[in-house]
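Notes for the one structure printed next.
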Amino acid sequence: MAGLPALGFPLFPTVVIVSAGATFGSLTTYFLGRGSEAIAGRFNKNGIGERIHGWFNLHEWIGITVVFLGALTLFPFEVVTFVAGFSRFPVRLYTVGCFIGKLLKFIILMLFGNALLSYFI
């Protein structure tokens, strides 16, 4: 994405489209987690599934903060996405947190991508 300004693409609309696509793609993992009844039964033997569900849905702001921070960082976000679906976190809140986190991440990468690459190479 750091090369997009040189190609003449408008920055903000491009970043919004990329963020929307990444959010839409992460919904696949969310719904895989949501439909994982076999895994849920396996974890509920120990009570782990209920603890994850309770922690993630304790307050809506905790879940949306976890989703936002997971989308913002370079952490493997699929883990957070799967757990959000597994714990039946509301898809509306998940989508908002994911989109905003990915939008900020891609803006940062767009603005500082060349500097980061030249620093590490």
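Here are some notes:
- 3J(HN,Hα) couplings calculated from phi for the stretch 74-86 with the Karplus curve 6.51 cos²θ - 1.76 cosθ + 1.60 (θ = phi - 60°) are, in sequence order, 8, 4, x, 5, 4, 5, 4, 5, 5, 5, 4, x, 4 Hz; Gly and Pro show x.
- For the pair A115 and R88 in one chain, pulling the backbone fully straight at 0.36 nm per residue adds 5.8 nm over the alpha carbon distance.
- Residue by residue, the stretch 97-107 carries 3J(HN,Hα) couplings of x, 5, 5, 5, x, 5, 4, 5, 4, 6, 5 Hz when phi is fed to the Karplus relation 6.51 cos²θ - 1.76 cosθ + 1.60 (θ = phi - 60°); x denotes Gly or Pro.
- Here r is the Cβ-Cβ distance between T28 and W61 and R0 is 30 Å; the resulting FRET efficiency, rounded to 0.05, is 0.75.
- Taking 0.36 nm per residue of separation and subtracting the Cα-Cα distance, full extension of the segment from I107 to F12 would add 33.4 nm.
- At most 16 other Cβ within 10 Å, DSSP loop - trypsin sites (Lys or Arg not before Pro), the stretch 56-102: R88
- The stretch between F75 and A20 holds 17.9 nm of extra length on full extension. This uses 0.36 nm per residue minus the Cα-Cα distance.
Since every read-out is calculated from the coordinates, none of them should be taken as a lab result. All figures in this text were calculated on a predicted structure; none of them were measured in a lab. All Cβ positions, even for glycine, are placed from backbone atoms using ideal geometry, and neighbour counts span all protein chains on display.
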